[in-house]
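Read the structure below first, then the notes.
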Amino acid sequence: MTDPQVPTQSADEIAFLLTWDGAIWRDVVRLRHGQVTTIGRSATNRIVLQDDACSRNHCEVFHSGGEWRVRDLGSRNGTNINEHRVSGDTPIESGDVIGIGDCRLAFTTNLESADLSPPDVATPGDQVTSATATAVGIVQEPSILHRTAMPEFLTQGNGQRPDANYASELAKLYRLGLEMGTARTRQQLTEVVLANLARETVASISAILLAGPDASPQPAPADLQVVAYESRKDLPYRRVSDNLSRVVLSKREAILARDVGVHNQLSFFDSLGEMKALSVICAPIVSPDRVLGLIHLYSTNPDNPLDKHDLEFTLAVSNQLAVSLTQLQERDSLQTGLAQARNENRTLRAQLTEEQALIGETSSIIDLRERLTLIAETDASVLIRGESGCGKELIARSIHQQSPRSNGPFVCVNCAALNESLLESELFGHEKGAFTGAIDRKIGRFEQADGGTLFLDEVGEMSPSIQAKFLRVLEGSAFERIGGRKPIQVNVRIVAATNRDLEEAVEDGDFRKDLYFRLQVAEITASPLRERRDDIELLANAFLQKFVRKT
């Protein structure tokens, strides 16, 4: 079997022309760099149009100077691009429509992203022109030889040793599955599938048509667009009968039709009238809740038509393709959601930084900003001292936002708001059933702050037992959740704040001396607003602007 031709040109050197039958495209002709595609009434042209307004040698399409061009060959009635008359060599872009008499040919460089809405020259109810009828043939319901909804590979070999042929087919499907797993885009995935179908079946032309993202779960033939096709002899791809496609889409069965050329059903020809499809396979691509598209295979060799084995193999491949397409769609959806979440996160971080900036121009605020910049670059524990309401949490957030941990979490705990047992659970977490009311496992604030900063407000209110456990974590030891036995190691920077006189608390035995020195590696004192009255006007204006934006 001859290997299918694989394009070696770059993406900008490959293009396609699509011909239309009313509201549905019928033919796809591949254009290649270095090959001139001629269009006209003469049978010597690559694309033959039977239109009285078309000259024998009307125009040609070719690639030159890094772009695709149309050249009118002195035709009697001229060549139009997007309904505008052109002459000589005219550049064309993806999405342009070439008009010759009543015929329309859409130009695209990417089948997957092509706009497949029909040119405004006919409606589905219009009578098909003689030119179009000659180009695509009058298609009717084909003669169906085989149809199946489930490949025999799913039922063969159950309870018995599989034969060599069965094992060989499964090996082919397994290798295909591995190749499909390497595809990162829908285009790559469909090209892998078509290359395998061309290698493992006798198809002369193969194509994959998929429904758009807004299509219904049960699409109509007109809802499908070709995303990739393969041809052994560079022949154009033409749509299968709408009647056949409609049966496959509604019944969700793969169909093999034979002798279609003899009965003038599904027969079609190339520009020289030499190509005739003698057999065709149409297989649905079905996910659990919707039909995703179709696989089309054609054979033009009368001595080697498509058979039941090709039908079974194609249906098995379509099942694998449906799974892979669904996974790609889910992955793309997750990536889109992740990108959106990251953008929102960046926006919120920027907003948080703006809203929680340290406002003021007094010398104490300027000195504080400079000191915070130096402290933030280290990973040392910080003790912030000051009266209630003087902005200790703002200072802690500023340290975090300027530190190498700024992309990590900033977690706050108010030690004065919780009793001893609740504070221990809040800091270290608990396992399910560790105590009455522990109906689920809870992740503590230490674990939540892993890789970031843990801010402990009112740290002087910790009980002695909590202080002891907290100290062990500060010294680098692992901890366990309440009721758990698994040691947990975290990487957390501690920033603590208090309005108490900790030195006096140490002397009174209310606060551990070793914990005090562990927290006081770097110390910052927050001055109250009454000591920096010149900042009051700046603060008032900042709050006024903030509230104006919100209203």
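The values are calculated or read from the model by the stated rules, or taken from the named source; none is laboratory data. Just so we're clear, the structure is a prediction, and the values are computed from it rather than from any experiment. Quick reminder, even Gly has a Cβ in these numbers, built from the backbone with ideal geometry, and neighbours come from all protein chains shown.
Quick one: in segment 45-75, of everything that is closer than 15 Å to ASP102 by Cβ and out of contact with any strand residue (DSSP E or B) (no Cβ under 8 Å at 6 or more places or on another chain), which residue is modelled with the lowest pLDDT?
If we take residues in segment 45-75 being closer than 15 Å to ASP102 by Cβ and out of contact with any strand residue (DSSP E or B) (no Cβ under 8 Å at 6 or more places or on another chain), then GLN50 is modelled with the lowest pLDDT.
Would you please list the contacts, defined by Cβ atoms under 9 Å and residues six or more apart or on different chains, that run from a residue in segment 220-240 that is without any contact (Cβ under 8 Å) to a residue 24 or more places away in the chain to a residue that is surrounded by fewer than 19 Cβ atoms within 10 Å (Cβ to Cβ) and polar (S, T, N, Q)?
ASP223/SER216
Look at segment 362-387 and say how many of its residues are surrounded by 12 or more Cβ atoms within 10 Å (Cβ to Cβ), of a type in the set (Gly, Ala, Ser) and closer than 19 Å to ASP534 by Cα.
Matching residues across segment 362-387 total 1.
With respect to VAL413, is the statement that it is surrounded by 14 or more Cβ atoms within 10 Å (Cβ to Cβ), more than 27 Å from ALA350 (Cα to Cα), assigned by TED's automatic domain parsing to the domain that holds ARG485 and of a type in the set (A, V, I, L, M, F, W, C) true?
no
Exactly one condition in (1) buried (at least 21 other Cβ atoms within 10 Å of the Cβ); (2) under 18 Å from VAL382 (Cα atoms) is false for GLY452; which is it?
All conditions pass for GLY452, except number (1).
Being over 20 Å from ARG369 (Cβ atoms) and among the acidic types (Asp, Glu) is the filter; apply it to segment 509-551 and report the residue that is farthest from the chain's Cα centre (by Cα).
Here the residue is ASP510.
I'd like the residue in segment 159-190 that is assigned to a loop (DSSP other than H, G, I, E, B) and over 20 Å from LYS308 (Cβ atoms) and, out of all such residues, is modelled with the lowest pLDDT.
My answer is GLY159.
Being closer than 17 Å to LYS392 by Cα and either among the charged types (D, E, K, R) or not assigned by TED's automatic domain parsing to the domain that holds SER398 (or both): is that true of GLU504 here?
No: the conditions fail for GLU504.
For segment 191-216, what are the residues that are touching a helix residue (DSSP H, G or I) at 6+ places or on another chain (Cβ under 8 Å), surrounded by 15 or more Cβ atoms within 10 Å (Cβ to Cβ) and among the polar types (S, T, N, Q)?
Residues satisfying the conditions are ASN196, THR201, SER206.
Taking segment 58-102, which residues are over 17 Å from ASN45 (Cα atoms) and among the hydrophobic types (A, V, I, L, M, F, W, C)?
If the condition is that a residue be over 17 Å from ASN45 (Cα atoms) and among the hydrophobic types (A, V, I, L, M, F, W, C), then TRP68, ILE81, VAL86, ILE92, VAL97 are the ones that fit.
Among the residues of segment 40-80, how many are among the hydrophobic types (A, V, I, L, M, F, W, C) and more than 14 Å from ALA15 (Cβ to Cβ)?
7
Residue by residue, here is whether (1) more than 40 Å from the chain's Cα centre (by Cα); (2) under 30 Å from TYR237 (Cα atoms) holds:
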residue: ASN301; (1), (2): no, yes
residue: ALA322; (1), (2): no, yes
residue: LEU328; (1), (2): no, yes
residue: SER333; (1), (2): no, no
residue: GLU361; (1), (2): yes, no
residue: SER364; (1), (2): yes, no
residue: ALA380; (1), (2): yes, no
residue: ILE395; (1), (2): yes, no
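What pairs can you find where one residue is in segment 363-389 and within 19 Å of LEU474 (Cα to Cα), the other is modelled with pLDDT of 90 or more and of a type in the set (Lys, Arg), and their Cβ atoms are less than 7 Å apart, with a gap of 6+ or different chains?
Correct list of pairs: ASP379/ARG493; SER381/ARG518; ILE384/LYS392.
Which of the residues spanning segment 500-514 are hydrophobic (A, V, I, L, M, F, W, C), touching a residue at least 40 places away in the same chain (Cβ under 8 Å) and surrounded by fewer than 18 Cβ atoms within 10 Å (Cβ to Cβ)?
ALA505
Give me the pairs, please: first residue somewhere in segment 288-316 and assigned by TED's automatic domain parsing to the domain that holds ALA215 and basic (Lys, Arg), second residue anywhere and buried (at least 24 other Cβ atoms within 10 Å of the Cβ) and not in a loop (DSSP other than H, G, I, E, B), beta-carbon distance under 9 Å, and either six or more positions apart or on two chains.
Within 9 Å, the pairs are LYS308/LEU256.
What residue, of ALA198, ALA203, is assigned to a helix (DSSP H, G or I) and more than 20 Å from SER287 (Cβ to Cβ)?
Only one candidate passes the filter, namely ALA198.
Name every residue in segment 195-219 that is touching an Asp or Glu at 6+ places or on another chain (Cβ under 7 Å) and without any contact (Cβ under 8 Å) to a residue 40 or more places away in the chain, in order of residue number.
GLY212, ALA215
Out of ALA257, ALA222, ALA283, report the one residue that is modelled with pLDDT of 85 or more, in contact with a strand residue (DSSP E or B) (Cβ under 8 Å, 6 or more places away or on another chain) and not in a loop (DSSP other than H, G, I, E, B).
Among ALA257, ALA222, ALA283, only ALA283 is modelled with pLDDT of 85 or more, in contact with a strand residue (DSSP E or B) (Cβ under 8 Å, 6 or more places away or on another chain) and not in a loop (DSSP other than H, G, I, E, B).
For the structure I just gave you, tell me whether PHE517 is buried (at least 18 other Cβ atoms within 10 Å of the Cβ) and either acidic (Asp, Glu) or at negative phi (or both).
No.
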